[in-house]
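Following: one structure in structure tokens, then a few remarks.
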Amino acid sequence: MNAIVHPSQAPAQVEADRAQSIGERSIASKFLYETPRQAELWLKVHELFAPPADLAQTYHQAATTLGARWPHANGTLIALGCGGGEKDLAVLRALPQDTRFVPTDVSEPLVLKAAQAVPATPLVFDLATADDLPEFLDKHVSPNRIFTFFGILPNFAPNEILPQLQALLKPEDRLLLSANLAPNGIKPVLPQYDNAPTREWLAEFPRTHGAGEGKVKIKLETDGLLERIAAHFHFTEPCIMSANGEPFDFQTGDALRLFVSYRYTLQSLAETLTPHDIVIEDTFLSANGEEGVFLCVLQ
């Protein structure tokens with residue numbers, strides 16, 4: 001099976017984006033899942049530090065509720081940033097049998113993994129940067145659309161990703177969105193990120209781009225009223241990283257941002273979505289309150 005690749009993930013564009021990320025010292029999240037080795041390391045992290053088993057029930061409740069309300073005998077489930085696709089496939093099983101499955105991701109290895117379980121139309125594109133995705137999707141999906149948006153919102157500043165999501169949605173669509181929550185503050189969840197397997201996964205990008213010696217450090221940050229966990233690679237020796245034929249000099253003590261994970265409260269999430277006309281219709285929370293799945297529509 002081959003994936004259909006959008007120009008936003010064409011080799012020349014990817015290399016230009018890679019150079020821009022290194023030059024800005026802030027690595028786009030798509031470069032953390034790019035290679036088979038990175039996908040393998042990420043899947044290991046997900047297996048070791050995924051939220052507790054009750055979370056599967058949370059997604060099941062959301063999928064069942066959506067399936068009961070879905071008025072169509074067919075349609076298309078479009079999994080945005082599907083990763084390995086496990087959660088999206090759980091939603092698919094709650095929908096009518098004739099529902100088509102369209103897994104999408106920036107990582108071709110991951111999107112092909114998600115497409116192994118059922119007949120699918122795998123698409124590879126960069127949701128964060130592509131400016132013609134509504135037209136691109138219309139070529140490959142049928143009406144009666146459900147979007148899943150699992151695990152993406154935490155890894156972007158809201159004003160970077162939500163306009164892109166809003167542009168895809170139509171009032172008749174349905175959206176299942178997940179968010180990482182911090183009901184007791186952000187510090188209790190830090191160990192989910194500040195651990196050796198996560199640092200190994202994050203270090204793979206600088207390691208394979210000539211970064212030399214350094215350490216991945218995890219810390220808490222604020223972005224306006226929102227809190228996030230951030231990971232930076234701190235250089236312990238001078239080096240030259242390279243991408244797209246361009247050299248980038250780094251000195252001892254410099255830092256390269258690799259990753260962010262935003263944490264929301266129920267109130268801050270609703271307030272973050274409102275400017276983009278995305279309205280929460282129903283909420284499904286894990287038992288510990290640290291993750292939620294939200295059934296949404298475009299207002």
Checklist outcome for this item: If amide H atoms are modeled at 1.01 Å from N in the peptide plane, then the residues at a separation of 5 or more from D223, or on another chain, having amide H under 5 Å from its own are R228
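Which of the pairs K30/K215; K30/K87; K113/K219; K170/K219; K44/K170; K44/K139 have their Cα atoms more than 28 Å apart in this structure?
Over 28 Å Cα-Cα: K113/K219; K170/K219; K44/K170; K44/K139.
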Item to check | Positive minus negative residues near N2 (Lys, Arg vs Asp, Glu; Cβ under 15 Å) | outcome: -1
Checklist entry - Pick the calculated Kirkwood radius over Cα pairs in Å for this structure from [x] 19.8; [y] 27.6; [z] 22.6? => result [x]
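For a test of the definition: using alpha carbon positions, the gyration tensor, and the 1.5 limit on a/c, classify the stretch 187-262 as rounded, prolate or oblate. List each step's numbers first, then the result.
Working: a/c = 2.29, a/b = 1.82, b/c = 1.26.
It is prolate, given that a/c is not under 1.5 and a/b is the larger ratio.
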Checklist entry - Between the stretch 162-223 and the stretch 244-272, what is the C-alpha centre distance in whole Å? => result 8
Checklist entry - Let a ≥ b ≥ c be the square roots of the eigenvalues of the Cα gyration tensor of the stretch 209-299; is it rounded (a/c under 1.5), or, if not, prolate (a/b larger than b/c) or oblate? => result prolate
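Any read-out appearing in this document is the output of simple, stated calculations on the displayed coordinates, not a laboratory observation. Treat the numbers as computed from the prediction; the structure is a model and nothing was measured. Note: ideal-geometry Cβ built from the backbone for every residue, glycine included; neighbour counts use all protein chains shown.
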